[in-house]
Ligand code: G3H
Ligand code: 13P
Ligand code: ZN
């Protein structure tokens, strides 16, 4: 089965009211874990590749690994550039056949963000590719400095609904990543902060009211950072801080129902993999066959992905809709 276009995955997800899991791929074990989980749960999937992943694994290796996954599986698979930081990187990925790219110029001022995004959109649309862009800035709630946050939007780091409409109209992007208190990594919140789901509702409504229909929104930083994984990592010699914190799965569920069609998860897979590897190293110190620790790591990651597909994203069972 060839790659499935991101635009088709989005259309079906919007219709079926589920979220697509967008999982980061850096090596073979991660890819196999994701694909096996999606295959077993009959879920469509977006594989995303960051600039760092391309530097780590080499774009050709990643491309060939994904080709292998596509040829061995039956589920719909799209390939997406995560956090493309330049037009040139986006162009390379478009030319390589990615079905979507993200241009992340969210650190720039509004006008510059529009200009860079539009340049990528113009190239992508001529080459059968769709574009995700980001408005607002993902510093996360723990560094939230509200209205003083900077020039990214009138509301500091957060996405402003009216600006989202203007941004989508002017840039022509096909999906929009929002900043609603979300952030990357394993330390997302301090104390009682959480996602601004009311803001998410207003963004979705503003786009609808502006005639953009059921416009797809993207939630970055959607790892839940399960406590048991942090505890396990520390139990077996790691040193995760006391203050690990992720997005509660209940919040992701609400975000999905409001209209986050693509949900980005990377950190949780890293944690699952690390915990499993540490366990082998700690309990079997004589072991030195990489298959004996990468195998359990792959299995643990697969189980984590299965849980997300079934219980959080609700995309399980939708592969062949
Ligand atoms: O949002 C970032 C993703 O987790 C990818 O991380 O740039 O370290 O590959 P990376
Ligand atoms: P997490 O760090 O929460 O997994 O977010 C991943 C992400 O947004 C990738 O773009
Ligand atoms: Zn991200």
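The values are calculated or read from the model by the stated rules, or taken from the named source; none is laboratory data. Quick caveat: nothing in here was measured; it's all calculated off a predicted structure. Here the Cβ is made from the backbone with ideal geometry for all residues, glycine too, and neighbour counts use every protein chain on show.
Of the residues making up the stretch 181-193, those that are under 16 Å from residue 157 (Cβ atoms), away from ligand 3 (no atom under 13 Å from the Cβ) and surrounded by 17 or more Cβ atoms within 10 Å (Cβ to Cβ) are 181, 189. Pairing each residue of the stretch 264-281 that is within 12 Å of residue 308 (Cβ to Cβ) and in contact (Cβ under 8 Å) with a residue 40 or more places away in the chain with any residue that is more than 13 Å from ligand 2 (Cβ to nearest atom) and outside any helix (DSSP H, G or I), provided the two are 6+ apart or on different chains, yields no C-beta distance under 8 Å. Those helices (runs of 4 or more DSSP H) of the stretch 1-72 in which 2 or more residues are in contact with a strand residue (DSSP E or B) (Cβ under 7 Å, 6 or more places away or on another chain) and either modelled with pLDDT under 95 or closer than 18 Å to residue 260 by Cβ (or both) occupy 6-16.
Checking the stated criteria, residue 295 turns out to be more than 25 Å from residue 84 (Cβ to Cβ), modelled with pLDDT of 95 or more and part of a helix (DSSP H, G or I).
When 220, 194 are checked against the criterion of being in contact (Cβ under 8 Å) with a residue 60 or more places away in the chain and either in contact with a helix residue (DSSP H, G or I) (Cβ under 8 Å, 6 or more places away or on another chain) or under 30 Å from residue 279 (Cα atoms) (or both), 220 stands alone in meeting it.
Of all residues in the stretch 3-30, those that are under 19 Å from residue 74 (Cα atoms) have Cβ atoms under 6 Å from Cβ atoms of residues that are assigned to a helix (DSSP H, G or I) and within 16 Å of ligand 1 (Cβ to nearest atom), 6 or more apart or on another chain, in 21/308; 23/34; 25/31; 28/65. Please verify whether the stretch 168-176 includes one or more residues that are more than 16 Å from ligand 1 (Cβ to nearest atom), buried (at least 22 other Cβ atoms within 10 Å of the Cβ), within 18 Å of the chain's Cα centre (by Cα) and part of a loop (DSSP other than H, G, I, E, B). Looking for residues that are more than 16 Å from ligand 1 (Cβ to nearest atom), buried (at least 22 other Cβ atoms within 10 Å of the Cβ), within 18 Å of the chain's Cα centre (by Cα) and part of a loop (DSSP other than H, G, I, E, B), one finds at least one in the stretch 168-176, hence yes.
Only residues that are within 16 Å of ligand 2 (Cβ to nearest atom) and crowded, with 20+ Cβ neighbours inside 10 Å: list them for the stretch 226-243, please. The answer is 229, 230, 233.
One line per residue, one yes/no per condition, for (1) closer than 25 Å to residue 118 by Cα; (2) within 16 Å of ligand 1 (Cβ to nearest atom):
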| site | (1), (2) |
| --- | --- |
| 11 | yes, no |
| 57 | no, yes |
| 73 | no, no |
| 90 | yes, yes |
